[in-house]
Amino acid sequence: MSTVTEIAQELKDTKENIVLIYAFNATGKTRLSVEYKNITKTPDDGQHIGVYYNAFSEDLFVWDNDNDNGEQNIKLDIKPSSLNRLHSSMTEEDVEKKLLPYRRKYNFFFNPNKDLEKGYDSVTFYRNDDTGTPIKISRGEERIFVWCFFLALLEVEGWADTQNAHFFIDDPVSSLDDHNIYVTAYTVFDLILKEYEKRKIIITSHHFGFLTILSDMLGKGENADKFRNRDKSKKYKEFILEGDNEDLSLIKTKNGVFLYHLRLLQILNQASDSKEVYTYHFALLRQVLENIASFLGVGQFSFVLEQIGITDKDRVAFIVNALSHLNVYYQQIDKPVPDNLELFNDVLSRLMDKYKFIIPKD
C-alpha cells in the first residue's frame, strides 16, 4: 500500500504521456489530483505547471436560486478565482462551440462583473429566445456546461499554453446519462489527440464505461497507430486505483486489457467466497449489471437480470438500486440483511454461469 503522495509521485515518474485511472467513488481521485498539483509545482516560486479539472473546478459554479424574489433572477454564480482574468478573452460563442455535440435544450448569456477585469459574475440560462424568463438547468446539464466552459478556457491565451506540463482531468462524467458520457469521452479523446505529444494527460473516473471507451479509442480506433511506439508498445498506461485515505494501491491492468468489470467481478467473488459482503458491494454489482446492459445495447440492467433467469427482475432491480445509493461507499462496515445477502449471491452466481467470465488471478 502507498500514500497519496507516493501514488502522485509514481504518476509523475510514469514515462507515458497518457494515463487512464479507474477508481471507485470515495477512493481519493480528487485528493490525488490535488497532491499531483502540489508535487509538480515549481520549487522556487510554487507556481502550477499544469492545468486541472476536478471537483474544485465544478465548485466554482453555484446556483443563486433568488428565492426571495420568486426565482425571477435565478442564475449560476461563478466564484472568484485565478481563472476570472481569462474570462474577457472568451465569449458565449466559444462555449457554444464546445456544447455542439451535446443535446442542449437551453440558451445562455454571461453576466460580467462591474469591474470587467474580474471576468464574469454569473451565467443566466433561458429557453429558446425567452431571455426574460431565467431557468435552472438540470444537474447533468450543469456539469456538461461547466465542462464545456473549461474546454473553452483551455484555448484562451495565458493559461494552458503557459501551464503546459500536463492536464489532470478528474471525473468529467459525474451525473451524466449514457449518451452524454459517450459524447464526453469523445471530447476528452479530441483533447488527447491534440495535446498528448506536448504534455502528460491524466484522466481519472469512477465510470469504467467512460474509460473503456477511451481505452478502445486509444488501442483500437482509427488513430490507434499514433498511440503505439515503433516496437508496438503502448504510449499510454492504464491503472486501477484502490484503497482508502492514505492506504492506496495503483494496480496495472492485466495484460494491458482495460476491462474493469472483470476487476469488479473479482472483488465481488472474493467478498462472496469469504462471506465478507457489505452493503457497498451492491453498488459494485450494479456497475457490472449496467456495463453488461450497455454492451447488449439496452437501457435498463433489469433486462440483464431477466437474461440470467431472475423471474422477479423488477423487485431485484429495486433492491439493488436502493442499496447502491452513493452513501454506501462511506458505509463499508454495513452488512446486508440475510435475504439481501442471498439475493446478492444468487445474482452473482447467475452472472458467472450465464456469461462465463474469466476472472484474472491476483
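Taking the mean number of other Cβ atoms within 10 Å as a proxy for protection, how do you rank 158-171, 275-288 from highest to lowest? Write out the running numbers ahead of the final one.
Numbers: 158-171: 18.1, 275-288: 19.7.
In descending order of packing, they fall as 275-288, 158-171.
Under 37 °C and 0.692 mPa s, how fast does the range 45-134 diffuse according to Stokes-Einstein, given a Kirkwood radius computed over C-alpha pairs? Answer in µm²/s, whole number.
Working: Rh = 14.8 Å.
Estimated diffusion coefficient is 222 µm²/s.
Would you kindly calculate the translational diffusion coefficient of the chain, applying Stokes-Einstein with the Kirkwood radius from alpha carbon pairs, for 10 °C and a viscosity of 1.306 mPa s, and quote it in µm² s⁻¹ without decimals?
Details: Rh = 22.4 Å.
The Stokes-Einstein estimate is 71 µm²/s.
Can you show me the helix-derived [θ] at 222 nm for the chain, built from DSSP H runs with n ≥ 4 at -39,500 (n - 2.57) apiece and divided by the number of residues, rounded to the nearest 500. Could the numbers behind the result be given before it?
On the way: 12 runs with 146 residues, N = 362.
Per the formula, -12500 deg cm²/dmol.
Under 5 Å between amide H atoms, partner at least 5 residues away or on a different chain: which partners does Lys237 have, H built in plane at 1.01 Å?
Ile18, Val19, Leu20
Please turn the phi angles of the range 278-292 into ³J(HN,Hα) values with the Karplus equation 6.51 cos²θ - 1.76 cosθ + 1.60 (θ = phi - 60°), one per residue in order, whole Hz, x for glycine and proline.
10, 4, 5, 5, 5, 5, 5, 4, 4, 4, 5, 4, 5, 5, 5
Given all pairs of different Cα atoms, what value in angstroms does the Kirkwood hydrodynamic radius of the range 104-230 take?
Evaluated over the range 104-230, this radius sits at 16.8 Å.
With a Förster radius of 51 Å, plug the Cβ-Cβ distance of Asn345 and Glu96 into 1/(1 + (r/R0)^6) and report the FRET value to the nearest 0.05. Write down the numbers at each step before the final one.
Values: r = 50 Å, r/R0 = 0.99.
It comes to 0.50.
Hey, got the dipole for the range 260-355? About the Cα centre, +1 on K and R Cβ, -1 on D and E Cβ, debye to the nearest 20?
Working: 8 positive and 11 negative charges, 41 e Å.
Roughly 200 debye for the range 260-355.
Could you sort the peptides 39-47, 291-299 by per-residue average Cβ neighbour count (10 Å cutoff), highest mean leading? Don't jump to the answer; show the numbers that get you there.
Numbers: 39-47: 9.8, 291-299: 14.7.
Top to bottom by mean Cβ count within 10 Å: 291-299, 39-47.
Given the options Ser81, Phe125, Leu343, identify the residue whose Cα lies farthest towards the positive end of the charge dipole of the chain (+1 on Cβ of Lys, Arg; -1 on Cβ of Asp, Glu).
Among Ser81, Phe125, Leu343, the one farthest towards the positive end of the dipole of the chain is Leu343.
Work out the charge dipole of the chain with +1 on the Cβ of Lys and Arg and -1 on the Cβ of Asp and Glu about the Cα centre, then indicate which of Tyr106, Ile192, Gly28 is farthest towards its positive end.
Value: Ile192.
In whole Å, largest first, what are the principal axis extents of the Cα atoms in the range 260-355?
Largest to smallest, the principal-axis extents are 34, 24, 21 Å.
Highest mean first, how do 348-356, 205-213, 218-226 rank when packing is the count of other Cβ atoms within 10 Å averaged over residues? Write down the numbers at each step before the final one.
Working: 348-356: 14.9, 205-213: 22.1, 218-226: 12.9.
Going by the mean number of other Cβ atoms within 10 Å, highest first, we get 205-213, 348-356, 218-226.
Readers should treat all values here as calculations from the given coordinates under stated rules, not as data from a laboratory. Quick caveat: nothing in here was measured; it's all calculated off a predicted structure. Note that each Cβ is placed from the backbone with ideal geometry, even for glycine, and that neighbours are counted across all protein chains shown.
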